[in-house]
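The values are calculated or read from the model by the stated rules, or taken from the named source; none is laboratory data. Keep in mind that what you see is a predicted model, and the values were worked out from it rather than measured. A quick note on method: Cβ atoms are made from the backbone with ideal geometry, for glycine too, and the neighbour counts reach across all protein chains shown. The protein model used for the area step is the full one, side chains on, heavy atoms only, and it has no ligands, DNA or RNA in it. Shrake-Rupley method; radii C 1.70, N 1.55, O 1.52, S 1.80 Å.
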Amino acid sequence: MRLKLFIFLLFFAHSVFSQIGGRYTYEFLGNPQSARLTALGGSLIAVTDGDVTLAASNPALLDSNSNNYLSFNHSFAFADVNHGYIGFGKSINKWGIHTHVGVNYISYGDFVASDIYGNDNGTFSGNETAIILGASKQVNERITLGANLKGIFGTLESYNSFGIAADFGLLYERPDSDFKIAFVAKNIGMELDAYGNETGQAPLDIQIGISQRLEHLPFRFSIIMHQLQKWGVRYDDPDAAVESDLFGEEINQSSAFQNGVDNFFRHFIFNGEFLLGRTEGFKLRVGYNHLRRMELSLDNFRSLAGFSGGFGIRIKGFNIDYGIGYHHIAGATNHISVSTNLNRFLDKF
């Protein structure tokens, strides 16, 4: 019965929310919550190491190592746009449940308010915030289930919005293996009180991912397939220049096979972490997001769009992380995170 209900919810989400190029609201929910995620291409759903910010991506990643884990994260984007996330984890041992609470916020900066004639009428601002409550529970030796519930609040000039969304995650791991498989359906939800007359939908993203730590090398890699709710994510620009031959026939710039391969890899994010030091106190990270590169790179200019990188270092119990994600030739997003496990302080009292 549970399996049938899960399949029904999955297909319901697909039929209702399966669009990535249409009108979304609360797009900030798809932003990386931490510097680590920015460095790894935007997603990491199959790694459990106590990082409570990962629970915002897949709530099934919460475990006992997340207990009393506190994390502050802030990213500096384009045009004075600022985005951040604060997360805290707490285990309830009596029930065998691991929980977390998070605040995901974005400020879009100040805008000039003008009338139809271009007269300056001052400025206005915009911001959106999501309050996240989530929990996970290990149902057997290999499977952990998790869920997040999000209350979302937004203000754009004099317009306000309220909505709800949910995440459902699953993690499969073998106790004697460093190989993990994860599934997550993120941001299933919509506006309840819309900005305008039309109700917007949250940016649904269905993902499947694997991670593997190598046995003889301090390196862990992950492969994530995202945007699986809609297979065709390749955008064909109708305004793109079309070349013709001597007879006026259109010249195909790429074959159907090439387009299919391109669309296939747009669903992939590849990333890896080098775990260096005796206690793995220093980490180097790199990621590649093919969808981002193909959507934001320019034909006539070389750029690092789609690539990302960063590092993490542990100093006296504090984890300091930096990530940079390249989006366009105009610049990149810089992300900084500071986190710690409060147990080291609580044990002193």
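Given a cut-off of 25 Å, what percent of all Cα-Cα pairs of the chain lie beyond it?
In whole percent, the share of Cα-Cα pairs in the chain beyond 25 Å is 57.
Taking the 0 to 90 degree range and rounding to the nearest ten, how far is the long axis of helix 256-265 tilted relative to the main principal axis of the chain, both from C-alpha atoms?
So the inclination is approximately 30 degrees.
Provide the descending list of Cα extents for the range 248-349 along its principal axes, expressed in whole angstroms.
81, 27, 22
Would you mind calculating the gained length between Tyr235 and Phe72 on full extension (0.36 nm times residue separation, minus the Cα-Cα distance), in nm to one decimal?
55.1 nm
Of Asn271, Asn121, Asn104, which is the most mobile in a GNM of the chain whose springs link Cα atoms less than 10 angstrom apart?
Ranking Asn271, Asn121, Asn104 by mean-square fluctuation puts Asn121 first.
Hey, quick one: spin label on Glu157, modelled 7 Å out along Cα-Cβ, who in the range 187-214 has an amide N within reach, i.e. under 19 Å?
Under 19 Å, as judged by backbone N against the label point of Glu157, lie 194-200 of the range 187-214.
Return one whole number: the accessible area per residue of the range 288-349 in Å², for a 1.4 Å probe.
Using a 1.4 Å probe on heavy atoms only, each residue of the range 288-349 averages 61 Å².
Leu149 to Thr129: extension gain in nm, 0.36 nm per residue of separation minus the Cα-Cα distance?
Contour length minus Cα-Cα distance gives 5.9 nm.
From the phi of every residue in the range 145-152, what ³J(HN,Hα) in whole Hz does the Karplus formula 6.51 cos²θ - 1.76 cosθ + 1.60 yield, where θ is phi - 60° and glycine or proline is x?
Values per residue, Gly and Pro as x: 10, x, 8, 10, 10, 10, x, 10 Hz.
Within the range 169-206, list the residues whose amide N lies under 12 Å from a label point set 7 Å along Cα→Cβ of Glu141.
Hits in the range 169-206 for Glu141 at 12 Å: 174-177.
Tell me, what HN-Hα J-couplings in whole Hz come from the Karplus equation 6.51 cos²θ - 1.76 cosθ + 1.60 at θ = phi - 60° for each residue of the range 71-87, using x for Gly and Pro?
9, 10, 9, 8, 10, 10, 9, 7, 6, 6, 7, 10, 9, x, 8, 10, x
Multiply the residue separation of Ser254 and Phe345 by 0.36 nm, subtract the distance between their alpha-carbon atoms, and state the gained length in nm to one decimal.
Result: 26.8 nm gained on full extension.
If amide hydrogens are placed 1.01 Å from N in the peptide plane, which non-local residues have theirs closer than 5 Å to the one on Gln227?
For Gln227, whose amide H was placed from the backbone, the distant partners under 5 Å are Ile206.
What do you get for Rg/Rh of the range 40-115 when both radii come from the Cα atoms and Rh is the Kirkwood radius?
Ratio of gyration radius to Kirkwood radius: 1.15.
Calculate for the chain the 222 nm mean residue ellipticity that helices alone would give, adding -39,500 (n - 2.57) per DSSP H run of length 4 or more and normalising by residue count, nearest 500 deg cm²/dmol.
Mean residue ellipticity at 222 nm (helix-derived): -3500 deg cm²/dmol.
Can you compute 3J(HN,Hα) from phi for each residue in the range 290-306, using the Karplus curve 6.51 cos²θ - 1.76 cosθ + 1.60 with θ = phi - 60°, rounded to whole Hz and x for Gly and Pro?
5, 4, 4, 5, 5, 7, 10, 7, 10, 5, 9, 9, 7, 8, 9, 3, x
How large a share of the accessible area of the range 252-349, in percent, is made up of carbon and sulfur atoms when the probe is 1.4 Å and the other protein chains stay in place?
63 percent
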